[in-house]
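Notes to accompany the following structure.
The values are calculated or read from the model by the stated rules, or taken from the named source; none is laboratory data. On a predicted model such as this, the values are computed, not experimentally measured, just so you know. Quick reminder, even Gly has a Cβ in these numbers, built from the backbone with ideal geometry, and neighbours come from all protein chains shown.
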Amino acid sequence: MLIAVGTVSVAHYLIVGAILFTAGIACMAVKRNALGVLMGIELVLNGANLNFVAFGSSYLAGEGRASLGLDGEVMALFVILLAAAEAAVALAITLNFYNNHATVDVDRADDLRG
Amino acid sequence: MAEFLIETIGLPSWLAWTAVAAVAAFLILNVIAGGALVFIWAERKIAARIQDRLGPTRTGGRFGWLQSLADGIKLLAKEDLMPDGADGMLFRLAPYVSFCASFCAFIALPFAFDVVGLRLNVGVFFVVAVLGLEVFGVILAGYASASKWSLFGAMREAAQVVSYEVPLGMCVVVPVMLAGSMDLVTIAEKQAGWLTNWYIFHDPFTFVIFWVYYTCAVASVNRAPFDLAEAESELVAGFHTEYSGLRWSFFFMAEYGSMFLVSALAAVLFLGGWNGPVPIASLLGWSDGSSLSAPYAVRLLGCANLMGKATAGVLVMMWIRWTLPRLRIDQVMTTCLKYCTPIAALMFAGVMLWQLFLPGGLVPGSRHQAAAVREAWLEGRGDRVPSTNVPLGVVPATSRQVVGVSQ
Amino acid sequence: MQPAMNIGTLLSGLFTDTVGVSLPRFRPELCIVLTIILLLLCRMLPLVRRLDSGLVAFGGVCFAAWYAYVDFLGLGGLPGEAVLGSAGGRQEIFGGLLVFDSFTAFLRLVLTGFLLLFILLTKLSGIPDREDGADFYSLVLGSSLGMCLMASANHLLMVFMAVEMASVPSYVLAGMLKGRPASSEAALKYAVYGAGAAGVMLYGISLIAGILGTLQLPEVSAELARVMSAGGTSGSTMVLCLGGLMLTVGLAFKLSAVPFHFWCPDVFEGAAAEVGAFLSVASKAAAIALLIRVAFAFTMPTGMAESAVAATANALADARHFVVYTIGLLAAVTCTFGNLAAYGQTNMKRLLAYSTIAHAGYLMMAVAAAIAMLATTPAGARDAVTAVAFYLATYLFMNLGAFGIVALLRNRLRSEEIAAYAGLIRTSPGVVVAMAVVLVSLIGLPPLAGFVAKFLVFSSLVDAMMAGAERSLMLALLVIGGVNTVISLFYYLRVLKVMTFDPLPEDRVSEPFPLVSFSGAMVTGLVVPVVILGVFWSGLYAAARLAGVIAS
Amino acid sequence: MTECLLAATTWLLPFAAIDWHGLFFLLFAAIACGAAIMVVLTDNVVRMALHLVLSLGATAGLFFLAGSEFVGAMQLMIYVGGTLVLLVFGVMLTAQTQLVSLRTPAADRVLAGILAAALFAVLVQSAVSVEAWRRPGRAEVSAPTATPLGMALLGVRVDGDAAGHESRPLSGYLLPFEIVSVHLLVVLIGAAYLARAKRRRTPRAVELVASVDPPPPVQTRSEAGESASVLVGGGR
């Protein structure tokens, strides 16, 4: 199925974003490796970012449609920055967990339960 | 070129674009592969001279011209080994990842005005970013080899490259600030004219920052004295210990490709790009100052200029490699975090202040200023026409319409 | 826009706006930023390295609190009735990214005041020492900076960024005791769940922003009204609902509302008690403030001509219904679950964690009431927001008191189990009395501050019922709230029973905890306001009413 | 002659009017989605990282296609070149044989698969149900430049006409640009604190609390695969 000339629309990007988002959520749900869960989070954030870029893109903007314009790009940019910060901390925490538990298996994080 | 094909020969546009793309890809590939051949030979000769020996002398005449070619044939014929415990897919994939990253970065590198695979308005960052991806090949190779030497090498590499991207990025921003554009072509154009227009001579701070950039560039392509990832005295050969034959040569080509690339980037950012020290073309009246009207000869001259500068950069790297001892990993990190980064930050601030208070420089000249460029954008909504040398991937509307017409 | 596009004019305009208008309204935050930098500089420079980082942090926060106080006073006649225009002296700063109004000012005052007490407490209980004091306090201040932004966010980018800024340092704070497995586990769980919730929230924000075409919160209501009155195609409604629910996930996580509460007890148990206090008071206050900001943006027309307001309000009726029901249901479930789950707890920090969850439920009830009355009875909505603000202020003292006592007792008893408190009345009666005051106030019994707060919340629910806004839901919430108060009676009193009636264990290794000591003074300083605010609450009420102006 | 040639090629290759934009979109989208799904399906954490790199790299390509070149380059530089390298670094630091492939129980996989499919169905349904989003893009746009973005980060908006509504001035992003640097600083301190190996000389009072400390960690996990994933079934 080829997309005909100039027919890539926001919806196409949204579908790709949805796939990334869903894959990320699934990844967070099924992975037992803490780093795998972190990868899922990265996918989720990227799904959202794809949406923002699509909503803000001037290539994809059609007539009479609410477009985020530059806001979309800026949002995506800041999300990338914040995700980097978050990943750094999450990684440090994971390594700390590994130091204390000798595993990165999130199922082993079961000492705290009430 | 594509316009030429479309308008003069009458090829359909898609075919023209494909042809152009193929030619561009072929040329870039040749720069890397051919360059690697020459550089490897040069490295052997330089190393030998520095160590007071002769180096290759037999194959292909007195200077061993064909030594690299012979090596290449040997590598092709060599048995391709893979360790038992290796992760097959990743092991096979890793060299190509490295090579592709190095190759992709060349896409946005301008060799002369209009001689650029893909003119991006964020060219600088594209090159630096894609070059940063090369590390994945190394990491994958290190992990997939199932050898502790490889793994150690890969981890060192990961730490080193990520760290050095910080000062490297800061250095790269300086020319961007001076030119008011992230487009490599624009940056190089702004340095047209005499030697004094080169950004390295813009002010004292840029002079310093050029050397910081070069240091970081050497580190980010893993050349001695920063070649911790393949320190042969400690790690056998680091991440490519387990590789042989053609796959190993891909790593090698990637390394030489990246060396050439960072040197060429240095040339574009600081050393005037394709502009020679003396504006010969405009003195001779071949071009009337605007690059668009320049004949192909001028572009060829530009290519030669840039290649020459880049080659000089690579040769200096070789000189350094065979002269300086290797640093320890902690010294590498100290160099990055305690010296390069603060110096780059200070110089960045210095350049900023210089621009603020001495925008014309000490010697009044026809320097472009970032503010002027932005102002031009504000008034004209875009200071440049949509790039004519349109890339394959990013097809702006103009060419999309062309495609639509041919339908 | 086209004419006079000149870098010089643009930049000078920016300069006047930023320096002249925005920065003076941003002084508390600036103080916090400067303090963070100062903390790090102090560690770097050899001359001032001996300087205690707690002292530096305290000094910096003193300035922040002072400016927050001045800003709040500057809003108008504090003790008496406010002489503000409508919307609480609303002023958008930094090009509409943040909003400064009475609610922002009040929340900042609460947050900086909390920080002052918190730093004192941590100095006394000895969580940070010379080795990592600077780390600890920069993390705390960095997180608080995010919380201040949460309270004043006026733009969806700032909403997400503030949530991240408040959360990410808290993940580290939860893992502060890095040598302890429980602590690192708490940090891991908090980080993983928190990052996941933030990701889902971001996706929701992207959907909402995409369908509305704006990121500015004040524009959201207008655009929403436009979308909904334009027939509201099923597609756009569906996207809005999805986006709204995803946004709710993020907010509910910060609030530890029930389907997303599971991190809360684990984190509180694994982290140090002081960090628990920080998360339960400051983080919750900021989260409630953000909930109010976001929920109001979707339901209340802002910054429009008078003529357009009524039409917009009508168009938003469905949205309001949706928001009220979402928040109301979450509140009911959260409250009930928190109180029921608190029963089986043997660890004091876990018990307080569930109590925190339950209190988030009470707070959300008031928010639901406020939104229900927004369109019909602004005065009632104002009362409801007042209740929230008042609740937050008293909650500061109650919960910080509870966690502070737990932390200080831990240093003596070497334990945080409830059973370890057995017979404490014989060795240190003062602290038992203090604990009793705090716990009774948490239940909400007169004559303590908790009672007034809870009374205000319930009365706002009654107001909403009287005003006929979502009558059945409000009635249900009122009943649930009442029942929950009764339920909570038992587990709080069980702690008191253990402290007073149970025999002193034989092998108790502890020194007594007299109230005449620095720690004792700290506890007293936290508990006395709980008593005083229970009786003389009019001053705080007036301040809270000022904060509530945003709803009218 | 050229006419003949043209006619011949058009006849030989029916996809003469091929749409590069659409084609590259399909290519990048396929890589992004395929790799993302592979991240979920793979058990080996190093391969997951590789697939993630592919997926996010292709996403950067999609950003380029959407005209957000700066965001695309930043995605490559910060995300792929920085964040993911960090992640891979973490993978290697913890890459012990038994941890590289932690298998998820099949029941969890099925459950997660069903839930994910449902979620995906809802998301796609909502994405395609909005009529405005299905309309193809405008044909006429100017070549992208990063100038408005840079100006916006400076706090000045120069792109008034792009957003469509002029009711109020657009917001500049000077504040987040500055404040995020404070955030990064704080986060860096936090990460460095956690990663610092130095054990303290004197235990704090709080570290003497024994009651919550679990028994010492077990090195191997023979019963791997029994308990449900903490995020699916074990959330407490």
**Q.** Selection count, region C:266-291, where residues are aliphatic (A, V, I, L, M) and away from every other protein chain (no Cβ under 12 Å)
**A.** 11
Q. Would region D:36-44 turn up any residue that is touching a Leu at 6+ places or on another chain (Cβ under 7 Å), crowded, with 21+ Cβ neighbours inside 10 Å and either closer than 14 Å to residue A:37 by Cα or at pLDDT below 90 (or both)?
A. yes
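Residue-wise test of (1) touching a His at 6+ places or on another chain (Cβ under 7 Å); (2) more than 30 Å from residue C:371 (Cβ to Cβ); (3) surrounded by fewer than 18 Cβ atoms within 10 Å (Cβ to Cβ).
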| residue | (1), (2), (3) |
| --- | --- |
| C:502 | no, yes, yes |
| C:507 | no, yes, yes |
| C:516 | no, yes, yes |
| C:522 | no, yes, no |
| C:526 | no, yes, no |
| C:544 | no, no, no |
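Residues that are within 25 Å of residue C:401 (Cα to Cα): find the helices (runs of 4 or more DSSP H) completely inside region C:125-240 holding 2 or more of those.
Passing ranges, in order: C:133-152, C:156-174, C:181-212.
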Q. In region C:255-264, is there at least one residue being in a helix (DSSP H, G or I), more than 9 Å from chain A (Cβ to nearest Cβ) and under 21 Å from residue A:88 (Cβ atoms)?
A. yes
Q. Restricting the search to region B:317-327, which residues are in contact with a helix residue (DSSP H, G or I) (Cβ under 8 Å, 6 or more places away or on another chain) and surrounded by fewer than 19 Cβ atoms within 10 Å (Cβ to Cβ)?
A. B:319, B:320, B:322, B:323, B:326, B:327
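Every residue, every condition in (1) hydroxyl-bearing (Ser, Thr, Tyr); (2) free of Cβ contacts under 8 Å to residues at least 60 places away in the same chain; (3) buried (at least 24 other Cβ atoms within 10 Å of the Cβ), yes or no:
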position	(1), (2), (3)
B:164	yes, no, yes
B:177	no, no, no
B:181	yes, no, yes
B:186	yes, no, no
B:194	no, no, no
B:197	no, no, no
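Table: residues versus (1) in contact with a His (Cβ under 9 Å, 6 or more places away or on another chain); (2) within 15 Å of residue B:259 (Cβ to Cβ); (3) without any contact (Cβ under 8 Å) to a residue 12 or more places away in the chain; (4) part of a loop (DSSP other than H, G, I, E, B).
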residue	(1), (2), (3), (4)
B:61	no, no, yes, yes
B:64	no, no, no, yes
B:69	no, no, no, no
B:74	no, no, yes, no
**Q.** Residue identified as modelled with pLDDT under 90, surrounded by 24 or more Cβ atoms within 10 Å (Cβ to Cβ) and more than 11 Å from chain D (Cβ to nearest Cβ) among C:100, C:106
**A.** C:100
(Q) Kindly evaluate residue B:109 against the criterion of being crowded, with 24+ Cβ neighbours inside 10 Å and closer than 14 Å to residue B:24 by Cβ. (A) yes
Q. Out of all the residues in region A:15-35, which are at pLDDT below 90, in contact with a Ser or Thr (Cβ under 9 Å, 6 or more places away or on another chain) and not polar (S, T, N, Q)?
A. A:29, A:30, A:31, A:32, A:34, A:35
Q) Within region C:415-434, is even one residue charged (D, E, K, R), part of a helix (DSSP H, G or I) and under 19 Å from residue C:353 (Cβ atoms)? A) no
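Let's see how each residue does on (1) over 16 Å from the mean Cα position of the chain (by Cα); (2) more than 9 Å from chain D (Cβ to nearest Cβ):
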{"position": "C:224", "(1), (2)": "yes, yes"}
{"position": "C:228", "(1), (2)": "yes, yes"}
{"position": "C:236", "(1), (2)": "yes, no"}
{"position": "C:239", "(1), (2)": "yes, no"}
{"position": "C:246", "(1), (2)": "yes, yes"}
{"position": "C:250", "(1), (2)": "no, yes"}
Q: Kindly state which helices (runs of 4 or more DSSP H) lie completely within region D:81-150 and contain at least 2 residues that are away from chain C (no Cβ under 13 Å) and either in contact with an Asp or Glu (Cβ under 6 Å, 6 or more places away or on another chain) or modelled with pLDDT of 80 or more (or both).
A: D:84-93, D:106-129
